[in-house]
1. I'm trying to understand the selection: among the residues of the stretch B:30-87, which are of a type in the set (Gly, Ala, Ser), touching a His at 6+ places or on another chain (Cβ under 7 Å) and in a strand (DSSP E or B)?
2. Which of (1) among the β-branched types (Val, Ile, Thr); (2) under 30 Å from A:PRO748 (Cβ atoms); (3) surrounded by fewer than 15 Cβ atoms within 10 Å (Cβ to Cβ) does A:VAL670 not meet, given it meets every other one?
3. Quick one: is A:LEU87 in contact with a helix residue (DSSP H, G or I) (Cβ under 7 Å, 6 or more places away or on another chain), surrounded by fewer than 19 Cβ atoms within 10 Å (Cβ to Cβ), farther than 22 Å from A:SER445 by Cα and more than 14 Å from chain B (Cβ to nearest Cβ)?
4. Do the conditions hold for A:THR753, that is, is it closer than 20 Å to A:ILE609 by Cα and either part of a loop (DSSP other than H, G, I, E, B) or free of Cβ contacts under 8 Å to residues at least 12 places away in the same chain (or both)?
5. Taking the options A:ALA793, A:ALA759, name whichever one is touching a residue at least 12 places away in the same chain (Cβ under 8 Å) and either part of a helix (DSSP H, G or I) or surrounded by fewer than 19 Cβ atoms within 10 Å (Cβ to Cβ) (or both).
6. Just the residues that are more than 10 Å from chain B (Cβ to nearest Cβ), among the small types (Gly, Ala, Ser) and either surrounded by 15 or more Cβ atoms within 10 Å (Cβ to Cβ) or under 25 Å from A:GLY73 (Cα atoms) (or both), please, taken from the stretch A:21-50.
7. Could you pull out the residue among A:ALA551, A:ALA566 that is in a strand (DSSP E or B) and either surrounded by fewer than 17 Cβ atoms within 10 Å (Cβ to Cβ) or modelled with pLDDT of 90 or more (or both)?
8. State yes or no: is A:ASN249 in contact (Cβ under 8 Å) with a residue 60 or more places away in the chain and at positive phi?
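The values are calculated or read from the model by the stated rules, or taken from the named source; none is laboratory data. Computed from a predicted model, the values in this text were never measured in an experiment. In this analysis, Cβ positions are derived from the backbone assuming ideal geometry, glycine residues included, and neighbour counts consider all displayed protein chains.
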Amino acid sequence: MTLLHRLKSIVLWIARRDSAEQDLNDELQAFVDMAAADKVRAGATPAEAHRLAVLELGGVEQVKERVRSGRHGGWLDAAARDVSYGLRQVRRNPGFFGVAIATLALGIGGITAMFSTFDAVLIRPLPYADADRLVMIWDALANTDITSKGNSTPAEWIEWRRLNTVFTDLAASQPGDATLSGDGDPEQVPSRKVTWTLWSVLGAPPMLGRVFTEDEDLKSVRVVVISYGLWQRRYGGASDIIGRTISINDEAYEVIGVMPRSFYFMPSREIDLWMPASFPGWMRTNFTWHDAQIVARLKPGVTLQHAREAMTSLSLQVTAKDFRGPHPVIVTPLREEIAGKTQTALILLLGASVALLLIACVNLTNLLLSRGAARGREVAVRLALGAGRGRLVGQFLTESLVLAALGTLAGIALSVPAMRFLERLVPEAMGAGRVTLDWRVLVFSTALGLAAAVTFGLAPALRGSRVAPQEGLRGGRGTAGARSHRFQHSLIVVETALAVALLVCGGLLLQTFRHLRNTDLGFRRERLLTFETPLFRYKDFDRRVAFVNAAVDNVRAIPGVVSAGAINLIPFTNFATATFYLLEGQPKDGFAGQAALIRNVSRDYFATIGAQLREGRFFTASDRKSSLRVAVVNEPFANRHFAGRSPLGQRFKFGELDDDGHWFTIVGVVKPIPETGVLDEAKPAVYRVRDQCEQIDDLNAGIVIRTAVEPASIVPAVRQAIWSLDKNQPLARIQTMEAIVNHQLSTPSQSTTLLGAFALLALLLASLGIYGVLSYAVTQRTNEIGVRMALGATSGRILVAVGRRGLELTLCGLAIGLGLAVIASRLMTALLYGVRPDYVPTVAIVSIVLVGVAAVACFVPARRASRIDPMLALRHE
Amino acid sequence: MEKLDIPQGTLDLMILTILSREPMHGYGVSQRLAALSRGEFQVNPGSLFPSLYRLEQDAKLKAEWRPTENNRRAKYYRLTAAGKRQLEQHRERWNRATFAVTCVLEGA
């Protein structure tokens, strides 16, 4: 009962505060009146009586305050009043609060967005059970320079399963080839052939239906599991998808399962279809067929190190039968595989956002300190008027909390668009999973901002209440001493240093990026349209070659096409397809360690892409199936074996390396094209003309088209050209070379953009900080400056003195910042993609920009100082 | 004469006692307190009013505006039934306490 009554009274007081206050006021007035009346009756004059009566009450305001705080729930009322007071302050000082809130918002928003992305890419759980127990197993190719790790073989997978002691199970995944037809346009979808164990190893159950069994795999039953995306896209999310028969590669398959939306697996998020691997008999014992990626689950209690050791010895034993000789394996955690190179970029950006947050906090601190010192007098006055110290502190605290709350809200609002932008940075393998707000980071950065706001907002109240009111009143505008100035100045140096470091790193990245963009790719990339088309429907070699040639001829006939060519793997779209080779004169087993990329091209491929010939010739019409087998090699290949002399006329074998193999004669050397990726360096490569290949295992043909018009405009004509040959033939991945290159550069491009944005923001904040602190110092010392001017200092000298202080701080920050930048650039070498940074121009530009901006920031307050009228200043308090 | 600061519990008790006789306004309470204690102490209005408000929040007192003898308006407080009960309990406890202390003092 009492409690209820109490609660009611608390709520009513707050809700009807005005009338309650009025009521209280009237009551106390009545007290005074009655006391005064008594005293008049006792003989005092009315004026005297009134005065005594007020004294007897003890001061109306004081008693009111005691009633307010003494009531039950008085603290709540006080809090509500403080919040509204705080908000009034914000309205009255929009400039100050605007800057403070914006500062806080930038810091919090930036780091929240960054860390959420970080979390999504590197920390968030993968869609597998207990994902940290999953590893990939690669063959270690230590002695080739194509790549240090290579695909495994199905035969190895069988042996690992049989013999290992450290994994609960393993699964193998091979490239698939799936062209869907019949219920829509013919469409080639990314697919994989996987062993039945994949699903149990990953611990990823299907959303609908089931996955295939061991029996189905071994018996090559035609069943498939499809992705959520494919189910929605091609089949409209039909509820009868399970059990439906679809046509893949012109054969009937039954759909038995659909994977959940969040599921994905290597090599990319876009895999739409999984078929049983169904290894043919010969593949099970062939240790040379390297196209399988193997994933395994560690047994409970087995460490990665232990697994590595166990697998090394096991693999050396098993791969003794490999024609390359026994080799160990590389075991890497699955998560590392998926995160890829973006890891470094993200770490860098996370560092940058931390720096930005620090700068924001420093600025906030400076702002609050300045404002706090200016309020020293206000505090003294209020104390003198009888405000309780506790209440005063409470009020300032609430003001800081209001600031922190507004800043945090603004920060969250800011982080949402930032995260959308960052999503595009997320690597392909992890796909377009939404980056969501990570509440832990939000809590952390809110706490940080809160701490800064509270600490330096409280300082004046705490400090002022210690000083006796008379001193505070006398001491003029503020009681800030030299110590507080030094602290503020060192904060300025810190934030300038951070801004400089960010700017320099941003400059280096920009350098790298521009270098990458302009790097010579070995051919002309403008107006080059590319696409791929599968060859599975042409069962024998001759028909494949005929089809490709006809396709190229048809495309060439399109108006607007300058030339067209074909290649098995379009540049930059695939990782290595390499082969071992043997040069004439080398011993039979000398091929170990000698590998080169291999590409099969049509005769006018080089001309179409605009490759550059270093010596010899490209392919001509005279290179036919029955004539001398020729090859074109690239410069790295030539330099590797024939440095200083001409490789023309030399012969080598590849593929079939024994006596049945054919010798190929080198007829030309081409300038290097980084086939494996724009950011990779060019590896040794050999090119042969399609007609002269013995057999083509190539699943696809890639066609390149040089156009005189906008490439996109001829796309319909290209489709027609292919469909007029064969109406069921799909075209896949129609894109321009420019688009491919830009896509490859997207990570460095976005990293550069983001870092640049952070750096510019940091510069802005830092210069605002310098301006703020100097401006405040000038105001504080107006008196002092007035005295100096009265004593003879010219306005010029004042200008220089104030300006010099600012520039000193700036240069100090610059020096420290450059040091930080050098350290940071060492740490981010991975992001520089081997481009050696040229420090001089970056450092020079950054220094000039910084000093320039700082000079402006100093100049304004300095000029204000120099224009102070000494007479006014001396009277200024 | 100094104003003694009385502990809150005791002050509440005295307020309730005074108001048990007749409803009174704040000034009246403070005057009566001074009179009853034979001028030993005058309660600080800065403590009195908060006590009055608290007791009112706890439904031990009820307040209403009434005209005084001199036709001024003042806020009168009077005891509620709950207040009366509380007073009885307090008095009971106080008597027992003082009795015990007196016994100890006299018996020792």
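1. B:ALA74
2. For A:VAL670, the failing item is (3).
3. Yes.
4. Working: closer than 20 Å to A:ILE609 by Cα: no; either part of a loop (DSSP other than H, G, I, E, B) or free of Cβ contacts under 8 Å to residues at least 12 places away in the same chain (or both): yes.
No; evaluated as a whole, the condition is false for this residue.
5. Details: A:ALA793 fails: touching a residue at least 12 places away in the same chain (Cβ under 8 Å).
Result of the check over A:ALA793, A:ALA759: A:ALA759.
6. Once the filter is applied, which keeps residues that are more than 10 Å from chain B (Cβ to nearest Cβ), among the small types (Gly, Ala, Ser) and either surrounded by 15 or more Cβ atoms within 10 Å (Cβ to Cβ) or under 25 Å from A:GLY73 (Cα atoms) (or both), the stretch A:21-50 yields A:ALA36, A:ALA44, A:ALA49.
7. Values: A:ALA551 fails: in a strand (DSSP E or B).
Being in a strand (DSSP E or B) and either surrounded by fewer than 17 Cβ atoms within 10 Å (Cβ to Cβ) or modelled with pLDDT of 90 or more (or both) holds for just one of A:ALA551, A:ALA566, which is A:ALA566.
8. So A:ASN249 passes the test.
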